[in-house]
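To start, the structure under review is shown below, and the notes come after it.
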Amino acid sequence: MPTAPESSASAGAVLALIRSGSVETRADIARLTGLARSTVSQRVDALIAHGFVLEDNADGGSTGGRPPRRLQLRRGEHAVAGVDLGASHCRVALLDLTGATLAQREDPLSIADGPQAVLGHVEKTLHALLKEAAHAPETLQAIGVGVPGPVEFTTGRPVDPPIMPGWHHYPIPEFFADRFGVRALVDNDVNVMALAEQRLAFPETRYLLYIKVGTGIGCGIIADSRLHRGAQGSAGDIGHIRVADDTEPCRCGNSGCLEAVAGGGALARRLTELGVDAASGSDVVRLVKSGNRDAVRMVREAGRAVGEVLAGLVNFFNPDTVVVGGALAAVHDQLLAGVREAVYRRSHPLATHVLRIEPSRTGENAAAVGAGILAIEHALSPDQVDRALAAVAG
């Protein structure tokens, strides 16, 4: 195996090898990295002392003498939080560093109440979850937050979010840093949903598009197994792509946007005009499940509209997996029928040769869990682990 220079195989890099399954014992680390045994022991001991790694007594494949002890990521010492802020709900999940859920809670909450009220509620909820899971606040390593609007990822600040009045440029990371002393990473909700779907449901997929079809419509992009945000964090904002010559006004100020044609709110409005009681995408889902013909027809037409836009993305990006989630995905039989019809008709045969279009497998927990995964990947990144160990060493 190729070896790495000692300077590049820091304790954080060693933890990354353990976490990925590339190594199981101290001897494996020495062989793979070229580190001296004494250096390996120093770095592994530091990881154990800080609660990142556990070394058990299971047989690690010894060929004689005392069997080597196996290294693994420690589950219970540290925690991260994943926060899903929706238009009308707040879901908070407390996870260990393996991604297992320790505690979670969902409450109805309007994002339009503003950052102080909403984030204050998150703060109280997170303290309650830490207590429920018997974790001290000091065990919290990072917080991930998904919000229903555009986010400048480098600063973690929302930028002109249409359904989040009072949130423009609000310093969400600083709010949590002041109260918990940890880094908060803030992203658009569809991005963290895409992360959850790829990491948990489709781990073998390197090129994935996650399409959220709810009140709004957005796309999370996984390229070469990494979340792609673009230059400023606005990649995937497909809800405001113009669809044909439709003149339906959109909340962004333009007309004919995909969201204004195929979003849950747009479908509810059209059903209301037909005399059917529908105020939101959830009502559209209820009507489809009850067999309302107009609702079934509109959802399938919405799927075709989404599919027309998606066909262009498939030709351009060539993903191997497209996942459809969001509120309207609850009636995925009708929605996906329209999506597939348009994509396979409009996309190049080579682009669809191995393409699969699937409903979300992570469901309503996608954003909270995805935000938690964002926090885990930050907390366990080599640079962050090295900083944490250096702080302890003084």
- [ ] Would you confirm whether any residue within the stretch 53-74 is under 25 Å from SER234 (Cα atoms) and at pLDDT 90 or above?
- [x] no
TODO: Kindly indicate the residue of the stretch 318-351 that is in a helix (DSSP H, G or I) and without any contact (Cβ under 8 Å) to a residue 12 or more places away in the chain and also farthest from VAL306 (Cα to Cα) among those meeting that condition.
DONE: ASP333
Task: LEU97, sole failed condition from (1) crowded, with 21+ Cβ neighbours inside 10 Å; (2) more than 22 Å from ASN191 (Cα to Cα) - done: (2)
Open item on the list: I'd like to verify a number: residues in the stretch 308-329 that are touching a strand residue (DSSP E or B) at 6+ places or on another chain (Cβ under 9 Å) and at negative phi, how many?
Closed with: 15
- [ ] Pull up the stretch 100-140, narrow it to residues that are in a loop (DSSP other than H, G, I, E, B) and not aliphatic (A, V, I, L, M), then point me to the one that is surrounded by the most Cβ atoms within 10 Å (Cβ to Cβ).
- [x] HIS135
Task: Top-ranked residue in the stretch 267-302 [being without any contact (Cβ under 8 Å) to a residue 12 or more places away in the chain and not charged (D, E, K, R); ranked as nearest to GLY218 (Cα to Cα)] - done: ALA279
- [ ] Provide a single number: the residues in the stretch 339-363 that are surrounded by 15 or more Cβ atoms within 10 Å (Cβ to Cβ) and touching a Phe, Trp or Tyr at 6+ places or on another chain (Cβ under 9 Å).
- [x] 6
- [ ] Considering every residue within the stretch 148-155, establish whether at least one is within 16 Å of the chain's Cα centre (by Cα) and free of Cβ contacts under 8 Å to residues at least 60 places away in the same chain.
- [x] yes
Task: Residues of the stretch 237-266 satisfying the condition of being assigned to a helix (DSSP H, G or I) and without any contact (Cβ under 8 Å) to a residue 60 or more places away in the chain - done: GLY239, HIS240, LEU258, GLU259, ALA260, VAL261, ALA262, GLY265, ALA266
TODO: Would you mind stating whether GLU358 is out of contact with any Gly (no Cβ under 8 Å at 6 or more places or on another chain) and of a type outside the set (Phe, Trp, Tyr)?
DONE: yes
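The values are calculated or read from the model by the stated rules, or taken from the named source; none is laboratory data. From a predicted model like this one, the values you see are computed outputs, not experimental measurements. Here Cβ is always computed from backbone atoms with ideal geometry, including for glycine, and neighbour counts include all displayed protein chains.
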